[in-house]
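The values are calculated or read from the model by the stated rules, or taken from the named source; none is laboratory data. Remember, it's a predicted structure, so these values are computed and weren't measured experimentally. Here the Cβ positions follow ideal geometry from the backbone for every residue, glycine too, while neighbour counts run over all protein chains shown.
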Amino acid sequence: MNNLEFSDLKEILKDYQPEEIDIITKAYNFAKQLHTGQIRQSGEPYIIHPLNVAYILAEMHADKDTICAGLLHDTLEDTTTTKEEITQLFNVDTANLVDGVTKLAKMNFSTKQEQNFANTRKIITSITEDVRIIIIKLADRLHNMRTLEFKSEFKQKENALETLEIFAPLAYYIGASRLKSELEDLSLRYLRPEIYFKLQEKKLFFENNSNNFLYEMLLKIKNILADKQIPNEIKIRTKNIYGIYKRIEEGEQLWNIHDLFALKIMVDDIENCYRTLGYVHTLYYPINDKFKDYICNPKTNMYRSLHTTVFGPEDKLVQTQIRTFDMDKVASFGLSTYWDIKKGEARNLMQKDLKEKYQFFKSLTQINAMFDDNKDFVNQVKIELFTDKIYVYTTKGEIIELPKGATPIDFAYKIHTELGNTMVECMVNDKPVPLDYILKNKDRVKIIADKLSCGPRKEWLEKAQTSYAKKRIREFYKN
Ligand code: MN
């Protein structure tokens, strides 16, 4: 929305308390006054940017402090106000959020590069204090990416690359998949415009040609669910352009991508998810090895759903995703779904979930503790967390997330330090493998430990990929 006005923001804040809307209005007026005279490269008054950021946050049903911080997010950096003033006029929480998204001052660094690494670290680690800082930063980045056409080609590519390397993975980890998809597509549009526009055109062509059979399926499934009295909603979704691009890069043909199209079937409860699965399979034959139960076994970013790819009409493969309405919210908005459930406590619940359920959180904290140098930290996060990941099973069926290239040594130390230190052998899918075996997606990993083992071997240091495993091995030798 380019011609967004404050009344549009107010319009989607209808469900908020009048006192909350008053404070948000105050934040808008304050920011507008502070940014007076500043112009964006698009030629618009600057306030249009924070207003859009606040709007994106309001679409996610953010709490009032977060929306105020969205409106004020560039004031510390670009205007005369101070953190103290924001605390006085609003509250400490809002001031901390604005401070969290503000870049570190130039004067503390001798080079631009050093400043960049320090800022990237500040953004990434802010998740350990308050994940809302990241969410505001993602909304900020999204609006900047949506309006990237006004920047120089050099800036466009630089921002697009940073978005793809840092911000899209962050959005993935907190489960904000809508943000992630749009950020990825916008990045590709500026990084590889020829490919982006070609794929966009092809995707449109496929969509137009697939509408009929997808609707045919949708109606058939809807009828049967109505017949069985299962409350439901069904939507058609196509993969984002970046997702298609990645698969083609891996050597697949566009028309062979089995989840290019998906039917999203949302029902009221878990029991009905499984009943629905049965009905879908009576209508269409499934491909057996494409079935996934992410309800019992959630993805590491808490995504839950049943996936089954079936032989649809006209010999087309169609993925169906079956989940409850609540799971669907988590699938689209991730952690920020708490804003919908319990606005007042959302912040604490988000931080608690991050600590207890999200595997990347622990890895991030460890990497943060291990690397003093900002550049080393950022590079390690990119290698270990923000590049391609693999998912393997423990013998109990738990899913463990590891960077691509990880070995049984990384796996063992990720489970428990003691397990790593006493490991003697490893079985993958019931067969013995060497300890430098490169784990693959869906491997079932069993570590055989012996309390009498002599501890980790020195050469494991080269065979381990994760900084955590390396750290534990080094510690063993220090003691
Ligand atoms: Mn901004």
Exercise. Looking at segment 56-83, which of the residues that are more than 13 Å from the ligand (Cβ to nearest atom) and outside any loop (DSSP other than H, G, I, E, B) is surrounded by the fewest Cβ atoms within 10 Å (Cβ to Cβ)?
Worked result: Glu59
Exercise. Within segment 352-398, which residues are hydroxyl-bearing (Ser, Thr, Tyr) and either farther than 20 Å from Glu129 by Cα or assigned to a loop (DSSP other than H, G, I, E, B) (or both)?
Worked result: Tyr358, Thr387, Tyr391, Tyr393, Thr394, Thr395
Problem set entry | Residue ID - farthest from Asp93 (Cα to Cα), chosen from residues in segment 124-144 that are crowded, with 20+ Cβ neighbours inside 10 Å and β-branched (Val, Ile, Thr) | Ile124
Problem set entry | Filter result (polar (S, T, N, Q) and either farther than 19 Å from Ile230 by Cα or outside the structural domain of Ile224 (by TED's automatic domain parsing) (or both)) within segment 276-295 | Asn288
Exercise. Could you give every pair whose Cβ atoms fall below 7 Å, whose first residue belongs to segment 340-355 and is surrounded by 12 or more Cβ atoms within 10 Å (Cβ to Cβ), and whose second residue is basic (Lys, Arg), counting only separations of at least 6 or pairs across chains?
Worked result: Asp340/Lys329; Arg347/Arg132; Leu349/Lys342
Seminar exercise, completed: Taking segment 451-473 and keeping residues within 22 Å of Lys382 (Cβ to Cβ) and surrounded by fewer than 14 Cβ atoms within 10 Å (Cβ to Cβ) leaves Glu462
For this session: Answer yes or no: is there a residue in segment 78-94 that is among the hydroxyl-bearing types (Ser, Thr, Tyr) and closer than 16 Å to Ile123 by Cβ.
Result: no
Exercise. Hey, among the residues in segment 159-177 that are within 16 Å of the ligand (Cβ to nearest atom) and of a type outside the set (A, V, I, L, M), which one's nearest to Ser336 (Cα to Cα)?
Worked result: Phe167
Seminar exercise, completed: Sole miss for Gly344 among (1) over 27 Å from Ile270 (Cβ atoms); (2) in a helix (DSSP H, G or I) is condition (2)
Exercise. Are there any helices (runs of 4 or more DSSP H) wholly within segment 164-272 with 1 or more residues that are under 27 Å from Phe360 (Cβ atoms) and within 21 Å of the chain's Cα centre (by Cα), and if so which?
Worked result: 168-173, 177-191, 241-249
Seminar exercise, completed: Over segment 106-154, the set of residues of a type in the set (Lys, Arg), assigned to a helix (DSSP H, G or I) and within 14 Å of the ligand (Cβ to nearest atom) is Lys137, Arg141, Arg146
Exercise. Under the condition of being within 15 Å of the ligand (Cβ to nearest atom) and under 14 Å from Cys68 (Cβ atoms), which residue from segment 29-46 is surrounded by the fewest Cβ atoms within 10 Å (Cβ to Cβ)?
Worked result: Lys32
